[in-house]
Each structure stands twice: as C-alpha cells, then as structure tokens.
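What follows is one structure encoded as structure tokens, with my remarks underneath.
The values are calculated or read from the model by the stated rules, or taken from the named source; none is laboratory data. Just so it is clear, the structure is predicted and the values come from calculations on it, not from any experiment. Here the Cβ positions follow ideal geometry from the backbone for every residue, glycine too, while neighbour counts run over all protein chains shown.
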Amino acid sequence: MEEIVVKNSGYVLLKQFSDDRGATLSVAEANRDIPFVIKRTYYIIQKNETDVTRGNHAHKETIQVIFCLKGSFVLHLDDGKNTQKILMNESNRGVVLGKELWHSMESISSDCVMLVYASDYYEENDYLRTYDEFIEYIAHKKK
C-alpha cells in the first residue's frame, strides 16, 4: 500500500471476517473505523463500460471516506500542491477525502461499486465545483 502524500487524506482499513461459507463480513463503525460521525451514506454503481470521470470537486468542510466494494477505479487526489493517483480495488481499504481536497474517480470498471460515508448532510454551498474556485479558496485560506 503506497503512502498517501496529499494533505487531508489517509487510509481507512476495515476489519474483515471470513467464514467457511465463502463470505466476507466487513465492519465500519463511526468514530472507530470511520473517523467521524456518519451523517450521509451513498453509493455509485457503474453499469456499463464508459470513459466517464466522476467527482471533480472538493468540499469546504465535509469529510468523506470512499471505498471500492466491487471492480476498480483510480482515485485522483489534489491538495493544491501535491497530486496522487491511487488504484482502488480492495473492498476493505478506504481513502479519506478530507476537506479542501480536490478529488476525482477515473478509469472506472464496468462492474464498479463505490461506497462513500460523509461527515455531513448534502449542502451545495459546501462544494467547490471548479478547479479554479478550489485553488482560489485554498490560497485565500492560507492568508
């Protein structure tokens, strides 16, 4: 597992339990495995082969953890100074998408299922929707 070099990120490794019936159970508990109280959960199911990129935004305050439950995708992270790409293909390994961290998901497999836990409810004002807006926001925060 490669080290994450961008700010406001890190790995979350969920406990997994396997049984003799061929099943694996993964557990995610708020404030234990997930580093916040979970206020929103959503998932994305990629149903067909496409060259789409998802995400392409940052949050001012909301923190999220993203998992790839099935298939794979490449997570692109950018803190305004450092960038990093991480192959997501293990169901128990999540990545923290901290506040003020631009992120996108690309090279999404046709069978991909992504799961996201969020620290807050949906609020459009929390989003930085363009990269220029993101860079301006973090530059202003440093002053």
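Miscellaneous remarks
- Evaluation of Asp78 against (1) in contact with a Phe, Trp or Tyr (Cβ under 7 Å, 6 or more places away or on another chain); (2) farther than 26 Å from His140 by Cα (one fails), failing number: (2)
- Per-region count, segment 98-124, residues closer than 19 Å to Arg40 by Cα and either free of Cβ contacts under 8 Å to residues at least 40 places away in the same chain or part of a loop (DSSP other than H, G, I, E, B) (or both): 10
- Among the residues listed as Val27, Val65, the single one being within 24 Å of Glu3 (Cα to Cα) and either surrounded by 17 or more Cβ atoms within 10 Å (Cβ to Cβ) or aromatic (Phe, Trp, Tyr) (or both): Val65
- Every condition in (1) under 27 Å from Leu25 (Cβ atoms); (2) assigned to a strand (DSSP E or B); (3) without any contact (Cβ under 8 Å) to a residue 24 or more places away in the chain holds for Leu69 except the one numbered (3).
- All conditions but one from (1) in contact with a Pro (Cβ under 9 Å, 6 or more places away or on another chain); (2) at pLDDT below 95 apply to Asp111; the one that does not is (1).
- Subset of segment 81-105 [over 12 Å from the mean Cα position of the chain (by Cα) and farther than 21 Å from Ile138 by Cα]: Asn89, Glu90, Ser91, Asn92
- Matching residues, segment 94-131, being within 15 Å of Arg54 (Cα to Cα) and of a type in the set (S, T, N, Q): Ser104, Ser107, Ser109, Ser110, Thr130
- Yes/no for Arg40 being at pLDDT 95 or above, loosely packed, with under 15 Cβ neighbours inside 10 Å and either more than 22 Å from Lys141 (Cα to Cα) or in contact with a helix residue (DSSP H, G or I) (Cβ under 8 Å, 6 or more places away or on another chain) (or both): yes
- Being surrounded by fewer than 20 Cβ atoms within 10 Å (Cβ to Cβ), hydrophobic (A, V, I, L, M, F, W, C), free of Cβ contacts under 8 Å to residues at least 60 places away in the same chain and assigned to a helix (DSSP H, G or I) is a condition met by no residue of segment 74-93.
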